[in-house]
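The values are calculated or read from the model by the stated rules, or taken from the named source; none is laboratory data. All of these numbers come straight from a predicted model, not from anything done at the bench. Here Cβ is always computed from backbone atoms with ideal geometry, including for glycine, and neighbour counts include all displayed protein chains. Each accessible area value is taken on the protein alone, full model and side chains, heavy atoms only, with ligands, DNA and RNA left out. Shrake-Rupley method; radii C 1.70, N 1.55, O 1.52, S 1.80 Å.
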Amino acid sequence: PDAHLINVDFYRNARKVVVLSQICKDVIEKNLHLTNVHSIGTSLWSQEKFEFLRTVEKEKVKELAVVNSTNPTKGTTAAVKFCNERELEFDFISSADQYEFLREMAKFKALVFIPQVLETFCRLVAEAKMLGCNVYTKKTLVGFMSEPISSQSGDELIDALQTRTSAALQY
């Protein structure tokens, strides 16, 4: 609603508003009626992180992962409900160490992630796909899913995101 819009003058007076995904661009243009929005179509990863994602062990020995988060916007409760309603067994994953978290996620065939708010890109979903996991999610709430590369996975997706990251940094 118009009454909930904030910082509108800031965005309208910006030379360029750079966003992470097409869906984010669409939302901002629709609600703020802007013409100065540019989507880079990616989040940003370091070359070190790409190399880790490319080389981490990806043997799929577990079925479904659900992120164990206390942040209600991350949808842990909704993901558990999704699994329970379908009688799907799942394991919670969590770690404060990003690399350990990715090592654990790489063991799963699929990730269930049901966000409760728009994720402007959602590194979690992109990283799951780079690790070769299938993803069950609300596609309309995950910016990564609004990008044509969202159908890719594994090394093909890593290559595409490396190219996009490089182009975004140049932009």
Other-chain or far-sequence residues with amide H under 5 Å of G75's (modelled H):
Q116
Please report, for the Cα atoms of the stretch 1-136, the Rg to one decimal and the Dmax as a whole number; what are they, in angstrom?
17.7, 52
Checked against the positive end of the charge dipole of the chain (+1 on Cβ of Lys and Arg, -1 on Cβ of Asp and Glu, about the Cα centre), the farthest of C122, H4, T42 is H4
Restricting attention to the stretch 57-130, which GluC sites (Glu not before Pro) occupy a DSSP loop and are surrounded by at most 15 other Cβ atoms within 10 Å?
E57, E59, E87, E89
Residue-normalised 222 nm signal for the chain, counting each DSSP H run of n ≥ 4 as -39,500 (n - 2.57), nearest 500 deg cm²/dmol, is -12000 deg cm²/dmol
Thinking of the stretch 129-171 as a set of Cα atoms, what percent of all their pairs are more than 13 Å apart?
58 percent
Run the Debye formula on the Cα coordinates of the stretch 4-73, all scatterers equal and no solvent, and tell me log10 I(q)/I(0) at q = 0.11, 0.17, 0.23 1/Å.
-0.52, -0.85, -1.01
In order over the stretch 95-112: 3J(HN,Hα) from phi, Karplus 6.51/-1.76/1.60, θ = phi - 60°, whole Hz, x for each Gly or Pro, gives 5, 6, 8, 4, 6, 5, 4, 5, 4, 5, 4, 4, 7, 9, 6, 8, 10, 9
With only Lys, Arg, Asp and Glu charged, each at its Cβ (+1 for the first two, -1 for the last two), find how big the charge dipole of the chain is about the Cα centre; round to the nearest 20 debye.
380 debye
Show the residues, 5+ positions off or on another chain, whose built amide H is closer than 5 Å to the amide H of L111.
A65, N134, V135, Y136
Put S39, S153 in order of accessible area, largest first, 1.4 Å probe: what do you get?
S153, S39
Quick one: which residues, 5+ away or cross-chain, put their amide H under 5 Å from the amide H of V18? H built at 1.01 Å from N.
H38
Say the dipole of the chain comes from +1 at the beta carbon of Lys and Arg and -1 at that of Asp and Glu; which of A106, A160, V80 then lies farthest toward its positive end?
A160
